[in-house]
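I have placed the structure first, in the form of structure tokens, so that the comments after it can refer back to it.
The values are calculated or read from the model by the stated rules, or taken from the named source; none is laboratory data. Fair warning: this is a prediction, and the values are worked out from it, not measured in the lab. Reconstructed Cβ throughout: ideal geometry from the backbone, glycine too, with neighbour counts over all protein chains shown. Only protein heavy atoms, including side chains, enter the accessible area calculation; ligands, DNA and RNA are left aside. Shrake-Rupley method; radii C 1.70, N 1.55, O 1.52, S 1.80 Å.
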Amino acid sequence: TNVEVKEKSFTGFTYDSKDKDFIEIDEDNNIAYVYYTRNSYSYTIKHVELGNESNVLGIDSESAKYKDIIEVKSKNFKGYTYNSKDKNSIVIDEKNNTATVYYVRNDYNYIIKHVEKGNESNVLGTDTGSANYEDVIEVKSKDFKGFTYDSKDKDSIVIDEKNNTATVYYTRNSYSYTIKHVEKGNEENVLGIESESANFEDVIDVKSKEFKGFTYADQDKYTITIDVDSKNNTATVYYTRNSYDYIIKHVEKGNESNVLGTDSDSASYEDVIDVKSK
């Protein structure tokens, strides 16, 4: 009697060959072998951002044989830290040969420095904070008393593992100042004016000057520290009017050595003395 040797279907295997097509039943040797090869299937390990799975950081895609065990390992990605995975291993099957590894986006500090151009050691202000890897931080100028925005080295900071700094530059403003020299007690009599300009926070020495017929008395400031407020950029120096002696001689005309009488007194500079006969 002959028994036909037929192949069968087995999950994960493919028929390859057989050693006999029939078994001729005998007292022995009633064995036949049908051979199968183990199938190969592709598998995929996806590395994604947790909570943003559309951001695929990397994919491992290979193939392995049915029932092989593939260990699911995390990897290193710039700016991310391993968080978790949905499987520790993939047991290769006809389907479901996928695994996902999750990563969280790292936080990094950033700093925006506001400095005086040409004098970067003068830091007018700083903005600090932290943000996620690849976040975009807009670099904005700010208002600082006595300074005007000039430029910046970056319009934005794209957060990275390092180099999360930006610098905004400002120039020091110039303001006019005035030093008035006046007669004390008669400030409308202005003897002289000094009017110039200087940079914010410059210190200007307030000095007295020489004026004919006047003597320095005092001043309201010894220095002007240049400010944005024009009222603070003024100083006044005061002078008193000098006094001088005068003599009026009454003499014989043609014989001036014959002094008939004298009038003497003192008066302030520029006073007008009426010379009268006696």
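Annotation: PHE10 fulfils all but one of (1) surrounded by 14 or more Cβ atoms within 10 Å (Cβ to Cβ); (2) hydrophobic (A, V, I, L, M, F, W, C); (3) in a loop (DSSP other than H, G, I, E, B); the unmet one is (1).
Matching residues to (1) touching a Pro at 6+ places or on another chain (Cβ under 7 Å); (2) of a type in the set (A, V, I, L, M, F, W, C); (3) at pLDDT below 95:
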{"residue": "THR1", "(1), (2), (3)": "no, no, yes"}
{"residue": "THR11", "(1), (2), (3)": "no, no, no"}
{"residue": "GLU27", "(1), (2), (3)": "no, no, yes"}
{"residue": "VAL34", "(1), (2), (3)": "no, yes, no"}
{"residue": "ASN39", "(1), (2), (3)": "no, no, no"}
{"residue": "GLU49", "(1), (2), (3)": "no, no, no"}
{"residue": "ASP60", "(1), (2), (3)": "no, no, no"}
{"residue": "ASN88", "(1), (2), (3)": "no, no, no"}
{"residue": "VAL91", "(1), (2), (3)": "no, yes, no"}
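Looking at segment 162-278, the strands (runs of 3 or more DSSP E) lying wholly inside it that each contain 1 or more residues that are open to solvent by 50 Å² or more (accessible area, probe 1.4 Å) and modelled with pLDDT under 95 sit at 243-252, 255-268. Applying the condition of being touching a Gly at 6+ places or on another chain (Cβ under 8 Å) and either more than 19 Å from GLU134 (Cα to Cα) or charged (D, E, K, R) (or both) to segment 47-91 and asking which residue is least open to solvent (accessible area, probe 1.4 Å) yields TYR66.
Checked against (1) touching a residue at least 24 places away in the same chain (Cβ under 8 Å); (2) closer than 17 Å to ASN189 by Cβ, ASP271 meets all criteria but (1). Segment 16-73 holds strands (runs of 3 or more DSSP E) entirely within its bounds, and those carrying 1 or more residues that are of a type in the set (A, V, I, L, M, F, W, C) and closer than 19 Å to ARG105 by Cα map to 40-49, 52-65. Scan segment 134-151 and report the pairs whose first residue is part of a loop (DSSP other than H, G, I, E, B) and whose second residue is among the hydroxyl-bearing types (Ser, Thr, Tyr) and loosely packed, with under 15 Cβ neighbours inside 10 Å, with Cβ atoms within less than 6 Å and a gap of 6+ or a chain change. Partner pairs satisfying both residue conditions: VAL139/SER156.
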